[in-house]
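Working notes, beginning with the structure itself.
The values are calculated or read from the model by the stated rules, or taken from the named source; none is laboratory data. These numbers come from a predicted model, not from an experiment. For neighbour counting, all protein chains shown are included, and Cβ atoms are generated from backbone atoms with ideal geometry for every residue, glycine included. Each accessible area value is taken on the protein alone, full model and side chains, heavy atoms only, with ligands, DNA and RNA left out. Shrake-Rupley method; radii C 1.70, N 1.55, O 1.52, S 1.80 Å.
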Amino acid sequence: FDAAALDRGWWRAPEVWKIGAGCNMMIRRQAFAEVGLFDPRLGAGASGCSEDSEFWFRLLRAGRICRYDPAALVFHHHRPDWPALSRQLHAYAGGHLTALFIHFAQDRRPCHLIRVFATMPWHYLKLFVRAVFYADRAGLALVGPQVRGYLSGLFHAPYRVRAAGPPPLDAPGMEP
């Protein structure tokens with residue numbers, strides 16, 4: 001993935017989340033020096049997720065390359081039950097939405113807001129209609145937390161975006 005991955009037209013947000021999962025990535029120290037550390041407004045304990053894809057977004061904007069190697073494996077424990085999965089889906093939707101607002105703050109391209117206000121609601125509506133049409137109770141159970149996370153993200157994102165952004169590698173308290 002290179003800077004060309006960011007150019008999908010003014011109406012389509014870059015799909016930086018497709019680069020991979022943050023639980024299995026290696027980053028050169030120089031990359032942190034160029035674009036800063038992970039954004040504390042995102043991730044577990046903040047908005048819920050997307051600190052990895054937001055970091056990749058900044059790397060690509062800086063002209064760096066992100067490589068994906070499907071042969072690199074990591075074993076990751078997934079949520080053991082429906083309540084835990086529901087909390088994860090809620091966090092992912094809210095975190096993704098917050099990251100899109102942060103992307104918009106960085107480059108002012110309308111594609112991020114189009115995803116927030118058009119593409120994401122349309123996606124959730126399609127999931128809901130499909131689940132109702134096929135009487136898929138599990139599908140309905142999965143749509144609810146995502147929609148609640150989306151709505152929660154709409155409420156919380158303005159406060160998170162106004163907070164301080166990612167610290168540089170040489171920020172006070174950071175070891176060189």
Show me the helices of the chain, taken as full DSSP H stretches, that run 24 Å or more along their long axis by Cα and average -1.0 or above in Kyte-Doolittle hydropathy.
82-107, 137-162
Relative contact order (%) - criterion: Cα under 8 Å, at least six apart; region: the chain
31 percent
How would you order 40-53, 91-104 from highest to lowest mean count of nearby Cβ atoms within 10 Å?
91-104, 40-53
Mind putting a number on the dipole of the range 93-149 about its Cα centre? Charges go on the C-beta only, +1 for Lys and Arg and -1 for Asp and Glu, and I need it in Debye to the nearest 20.
60 debye
Of the residues Pro14, Pro121, Pro83, which exhibits the maximal mean-square fluctuation in a Gaussian network model of the chain defined by a 10 Å Cα contact cut-off?
Pro83
Share of accessible surface on carbon and sulfur in the chain, whole %, 1.4 Å probe and ligands ignored, is 61 percent
